[in-house]
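The values are calculated or read from the model by the stated rules, or taken from the named source; none is laboratory data. Keep in mind the model is a prediction, meaning the values are calculated, not measured. Cβ sites come from the backbone with ideal geometry, for glycine too, and all protein chains shown count toward neighbours. These accessible areas exclude ligands, DNA and RNA; they are computed on the full protein's heavy atoms, side chains included. Shrake-Rupley method; radii C 1.70, N 1.55, O 1.52, S 1.80 Å.
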Amino acid sequence: MVLTGRTALLAALGALVVGLLLPSWAGIGAVTLPVLLGVLVDLALAAPVRTLRLDRSGDTAIRLGESATVELTVTNPSKRPLRAQLRDAWPPSAWRPGTAAAGSRHTVTIPAGERRRLTTLLAPTRRGDHHAHRVTVRSMGPLGLAGRQGSHRAPWTVRALPPFTSRKHLPSRLARLRELDGRTSVLARGQGTEFDSLREYLPGDDVRSIDWRASARRNTVAVRTWRPERDRHILIVLDTGRTSAGRVGDAPRLDAALDAALLLTALATRAGDRVDLLAHDLHRRGSVVGRSPNEILPAFTNAMATLEPALLETDMRALTSSALRMAPHRSLIVLITGLDARPIEEGLLPHLPLLTRRHEVVLASVADPRLDDLATARGTVRDVYGAAAAEQTRADRRRTAERLTRHGATVLDAPPATLPPALADAYLALKAAGRL
Amino acid sequence: MTLTTAGPESTTSVSPTHRQLWLRSRWFLLCAVLLLLVGLLIAGLGGSGQYPPLDPRSPDRDGARAVVALLEKQGLTTRTVATQDDLAAALAEPGTTVVLPEPDLLTTPQLARIAEVRRGSDSRLVLISPEAPALAALAPGIALATTPGGIPRSAGSTGVPADCPLPEADLAGHAELGGLLYQPGAGDTACYPRFGAYPLIRHTGPGSRELVVLGSGRLLSNDRLDKDGNASLGMGLLGSRQRLVWYLPDYAAAAAAGDAPAGGQRTLDDYIPRGWTWAGLQLAVAALLAAVWRGRRLGPVVTENLPVVVRATETTEGRARLYQRAKARGRAADALRQAARHRLAPALGVPPTAGEPDPAALCAAVADRSGRPAAEVHALLYGTPPTDDAALVRFTDDLDALERQVRQP
């Protein structure tokens, strides 16, 4: 049961009647009893809430930053018209900031036996699954004094996928990939590269790739061109442990890692390589294996949508063995993790030789631009100490990176905005060098 | 949970049915009813013990049962009267002490009627803290002691010496007297002087008809009776005649009958028309309805697990604060020098050996490029730590200047 402000207002106006005309218990009764009677009439005549039927339809998955439209169909099977306020409750992060109160409330009038469709506009601010909480209906009586209220469970889930903002870098990297196709005469030969075609010699081409037989058949000098290998295997390993939880700018490191992984996946799939994904901290958090090129990006974004940084120390030993099991043949293993000295030196370094023995390893890490700001700040004593601490941190990272490089890994350390293109470039460079 | 009364449509409803509500709340309701009953019972048992102050039946701290009991043990007969007629009869009796504990609560007609009664001989009337209207009606010779501004004077009740020829007071000696203070009329006996006025005055009329005015009834209360000479004075004042009559009218009934108290103590309530009290009650009903209106939310608050927010540079900033607190200038300078060397060496083509460029080669290259003396460059890049914070800031600026000079000679 709910009352409205109208009921309280009527009772308050009744105070005038009591004060001026009937200052007694009888006066109070004369005012309050009709009000209560009106409330009872409203309660009796309000359309029932319990028998309402609610169905949902609409978006189930969107990219983070886009808005989702979820429709709610309310059917009123009773014989009384429904005049109701309705609240479609979702978690706070499913709303555009500041619109949670207004966006969730609807006012509907549904005649007996009919139904109406309501539209709720969501704009999730967090990656992951957003579940509808419940729908609360307040059915008012004809006098507007009181009503019935009840809730229904109308389950629906909107999944906010990683935004993949680095998509904008894809066209330029694809162009570079196409250039690679025709230009491989300058590449070192004999690494299993694949013969592509013959073309005319241009100054700058490696003279060792001149095909003398073909040149003899035509009256120009011909060179052989090679196509980069296809069908290589790439395994992207995401470290979702505590180092991925640190905020860089306004998003955790993991979000930048996901972005970089998506760009690499899109690029490598176009280049004809197979890409698998593994997310791991103390345990395996998720993996995507053996998807066809058409469905790999949706599968990856879906798997990444629900990944959250765990405040745990990553078990590098388990991570390495999982990765080795998923990459039985020579592969490119891209490990996206932090470059903090202790976890790397105590966790990863003892197990790195297992990976580098058979695989090409790229270790990518999300750097924090704030560290550069700190290192260049000058002026006050506090700034100088901050700069010293930042330089210390950078030196530690550099030293860690050098140790990893000495073990045969390629190390990338770039801020969130430049990490995805840097990783794509590293991949293209490895491909051009025939090291896959 | 099985819902036997629910239809197939209600499978999505999460609101409890009436039956569920009843099952869930019946024990709470039962407990509430029990609590209410117990409360009423306790209130019913203990409610009869409420007495006004200085009531001869009251065993409370401010009651006067003790002094009455002492007097009864002395052989006095005591009784209470509640009506005007009984009071008039008691006043007319000879050899009687009549106590008016709250003369100010009596209305003007009541006071006039008491004053009209021809009192019996050898009697005594005790007025406890009367104010001007009661004094004017019953004790015309005695006046309230006032300050120059016309405000009645009063004093706290403390032990004071009797200092007067009244036998009861002389016998009692020290007693706790205070409250309102009075000025005696001609021929009156005034005792216990306080600030030039008196809290106890006896006026003797013809035929041994005495009138005693007492500034405060505190000395008669159960709580204070055993202090100083209070008991002696109280028994002397009340026990000088064989009969003691205590006037305990229903003051509220007299006021409700439309007679305002003569004392002039009109509260705010008296100025508000009676109807508006009822209107206020109706407003309270409206407030209750408004509370019900505002009290019901449109569905519960939705909660959500949010991720922790840890800035990635948190440890670095923490380290900076540690450096500053520990005044680790040497360590800070080392970090800055090392970073500068790492930036300068590749720019000048000095190859690193085991991660660090060769000091001599680097200093020579930097000196060559910047045109500064090699010793100065060496002091900047490999020198001693700064001695205070100002020196550290200066050192950092010098290092930056050197670096800029090398990059843009």
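Those residues that are within 11 Å of another protein chain (Cβ to nearest Cβ) and either in a loop (DSSP other than H, G, I, E, B) or more than 28 Å from A:ARG173 (Cα to Cα) (or both), I need them from the range A:398-428; list them, please.
Those that are within 11 Å of another protein chain (Cβ to nearest Cβ) and either in a loop (DSSP other than H, G, I, E, B) or more than 28 Å from A:ARG173 (Cα to Cα) (or both): A:ARG399, A:ARG403, A:ARG406, A:PRO415, A:PRO416.
Residue-by-condition table, conditions (1) assigned to a helix (DSSP H, G or I); (2) closer than 28 Å to A:GLU402 by Cβ; (3) not polar (S, T, N, Q):
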| site | (1), (2), (3) |
| --- | --- |
| B:ARG341 | yes, yes, yes |
| B:PRO346 | yes, yes, yes |
| B:LEU362 | yes, yes, yes |
| B:VAL366 | yes, yes, yes |
| B:ALA375 | yes, no, yes |
| B:THR384 | no, no, no |
| B:THR387 | no, no, no |
| B:ARG394 | yes, no, yes |
Condition test on A:ALA401, is it in contact with a strand residue (DSSP E or B) (Cβ under 6 Å, 6 or more places away or on another chain) and surrounded by fewer than 21 Cβ atoms within 10 Å (Cβ to Cβ)? yes
Could you grab the pairs with beta carbons closer than 6 Å, sequence gap of 6+ or different chains, first residue in the range B:237-250 and in the same structural domain as B:LEU214 (by TED's automatic domain parsing) and under 15 Å from B:SER208 (Cα atoms), second one modelled with pLDDT of 85 or more and small (Gly, Ala, Ser)? B:ARG241/B:GLY95; B:GLN242/B:GLY95
Residues of the range B:1-54 being at pLDDT below 75, exposed (fewer than 11 other Cβ atoms within 10 Å of the Cβ) and not in a loop (DSSP other than H, G, I, E, B), which ones? B:PRO8, B:GLY46, B:GLY47, B:SER48, B:GLY49
Does A:ALA100 satisfy the criteria of being facing another protein chain (nearest Cβ under 8 Å) and either surrounded by 14 or more Cβ atoms within 10 Å (Cβ to Cβ) or free of Cβ contacts under 8 Å to residues at least 12 places away in the same chain (or both)? no
Report yes if B:ASP85 is within 30 Å of B:VAL117 (Cα to Cα) and over 35 Å from the mean Cα position of the chain (by Cα), otherwise no. yes
From A:ALA251, A:ALA257, A:ALA222, A:ALA261, grab the single residue that is among the hydrophobic types (A, V, I, L, M, F, W, C), surrounded by fewer than 22 Cβ atoms within 10 Å (Cβ to Cβ) and assigned by TED's automatic domain parsing to the domain that holds A:ALA424. A:ALA251
Per the filter on the range A:1-58, residues in a loop (DSSP other than H, G, I, E, B), open to solvent by 20 Å² or more (accessible area, probe 1.4 Å) and not small (Gly, Ala, Ser) are A:MET1, A:THR4, A:LEU21, A:LEU22, A:PRO23, A:PRO48, A:ARG50, A:THR51
Quick one: what pairs do we get from the range A:309-326, first residue away from chain B (no Cβ under 14 Å) and closer than 27 Å to A:ARG127 by Cα, second surrounded by fewer than 18 Cβ atoms within 10 Å (Cβ to Cβ) and basic (Lys, Arg), C-beta under 9 Å, 6+ apart or different chains? A:ALA318/A:ARG284; A:LEU319/A:ARG284; A:SER322/A:ARG284
All positions within the range B:207-239 that are of a type in the set (Lys, Arg) and within 34 Å of the chain's Cα centre (by Cα): B:ARG218, B:ARG224, B:LYS227
Can you tell me how many residues in the range A:216-225 are touching a Phe, Trp or Tyr at 6+ places or on another chain (Cβ under 8 Å) and over 18 Å from A:LEU180 (Cα atoms)? 3
